[in-house]
Structures are given as structure tokens and as C-alpha cells.
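Here is the structure we will look at, set down as C-alpha cells.
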Amino acid sequence: RARVGVLISGRGSNMAALLYASRLPDCPYDIVLVASNDPEAAGLTLATAEGVPTFAHAHKGMKRVEFDALIDEQLRAADVEFVALAGYMRLLSPEFIDKWAGRIVNIHPSLLPRYKGLDTHARALDAGDRAVGCSVHVVTAELDDGPVLRQIEVAVLPGDTAETLAARVLIAEHQLYPRALADYVMRDSTPEAKLARVREIALALPGAE
Ligand code: GAR
């Protein structure tokens, strides 16, 4: 299984979705580290309770590149192969992104390329959009700009506010992220490796001998 490190800044519900999906027998990745730029992030408590190693360090007072070097060191020490950003609310340095090029993915609460950055739902409502959604994309040097891997669209209901929309889109995020990450970690596998994986899954299914 691919070794994934998750970076969070807060609640960590997407991290939890990735983690619980990884406990299904057909999941091709394991969450081996959860790291945060905020030692108070609620998601760290959950990760610890679930037996996942964590690392937390406040970024305050550190240069971006120095802080990212610290995170990089932790990821390497844990033999991480892919990095999943899950509500990580801090820009990554170009140096970090270069080192992990093609191996960082992010979840964003909009139908990219629309509404990069913050306040996505409020902006969609202001624009009168009838649908919003979430996207998983590969992280590149530009904010929320890398190739989109998968999206889920969510209808706007009469009376929706930014808060009600955020809550409903979050349900979609929890469905989207584990699937998109699973596909991504398998993308470079040879046909033989993919076949072996399918066989492994079949053998893990209930009733298989
Ligand atoms: C999620 O809605 C995620 O899409 C968003 O922050 C929330 C984190 O929630 N991410 C961004 O806005 C990134 N620019 P979580 O901590 O419960 O996963």
C-alpha cells in the first residue's frame, strides 16, 4: 500500500474520511502520518486516538521555507510517498512543492477552476450559482491551480447560506477524497501491478478463500 502523510490545520474531518477509507480491504493507501502547523488542531486528537503518528509545530515566527523543511523532514522520516492536504490552510513554499512534485494532492471546496482561495461558498452564492461542489487536484506552485483529478457537484437549495452549503459540500468531500486519492496513488502502477491488486482485493472480499 502507498504511504500517505496528511497535512491538516483544524477539524480534520477530511483526514478522518481518508483514514477510515484506508481501513477497507480494497484501499490502496495507508495514512502513516498526520502533521499540522497548529498544535491545537482538533484532528490531531482524533489521529492519536486512532493510533496514527502525529507531528505538530506552530508555524508562527518561522520562515515559510524553514517550516516546510521541518514538515518535509517528518514526512521523509515516516517514509511518506504521497502528501494529502486536508484543510491545510497554509501556502506551501515552492521548494517544498518542487521536492514533492506530482505527489501532493489537495481538496478544495469549489468546482475548480471557479473560486480558488477562500470563502468559496459565499462567492458562489453571490454569483447566483445553481450548483457548487468540491474538487481534488494535484498541487502545483500556483494556489488551487493544479490538474483536477475528480469533482462532485452539489445543488444549491432555496434558502442556502454559506454555512448550509459548506456542510452539504463537506459530505461530498468525504466521499470524493478517499476515492480520488486511491486512484491517484495507483496511477503509475504497471498493468501487472494493477492486476495483482485486483486479485488481492478479490481475495480480501467476504466469502473469498
Ligand atoms: C474543507 O471544507 C476543505 O475543503 C477546506 O477546508 C475544510 C477543512 O475541513 N479546504 C480549503 O478551503 C483549502 N483551501 P476539515 O478540516 O474538516 O477537513
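The values are calculated or read from the model by the stated rules, or taken from the named source; none is laboratory data. This structure is a prediction, so every number in the text was calculated from the model and none was measured. Methodologically, a virtual Cβ is constructed for each residue, glycine included, from the backbone with ideal geometry; neighbour enumeration extends over all protein chains shown. The protein model used for the area step is the full one, side chains on, heavy atoms only, and it has no ligands, DNA or RNA in it. Shrake-Rupley method; radii C 1.70, N 1.55, O 1.52, S 1.80 Å.
Numbers below:
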{"item": "Sulfur and carbon atoms: percent of accessible area, the chain [1.4 Å]", "result": "56"}
{"item": "For the chain: accessible area per residue (Å², 1.4 Å)", "result": "52"}
{"item": "Unit Cα scatterers, Debye sum, the chain: log10 I(q)/I(0) for q = 0.08, 0.10, 0.15 Å⁻¹", "result": "-0.29, -0.45, -0.98"}
{"item": "Mean Cβ count within 10 Å, highest first, over the residues of peptides 9-15, 193-199", "result": "9-15, 193-199"}
{"item": "Sequence ranges 57-68, 93-104, ranked by mean other-Cβ count within 10 angstrom, highest first", "result": "93-104, 57-68"}
{"item": "Efficiency of FRET between residue 95 and residue 138 - r from beta-carbon atoms, R0 25 angstrom, step 0.05", "result": "0.90"}
{"item": "Segment 77-209 - share of DSSP beta bridges that are antiparallel (%, nearest 5)", "result": "80"}
{"item": "Sites residue 66 and residue 148 - FRET efficiency at Förster radius 22 Å, r taken between beta-carbons, to 0.05", "result": "0.10"}
{"item": "Residue-wise HN-Hα coupling along segment 119-128, computed from phi with Karplus coefficients 6.51, -1.76, 1.60 (Hz; x: Gly, Pro)", "result": "6, 4, 6, 4, 5, 5, 5, 4, 7, x"}
{"item": "Anisotropy class of segment 1-116 from Cα gyration tensor, a/c 1.5 cut", "result": "rounded"}
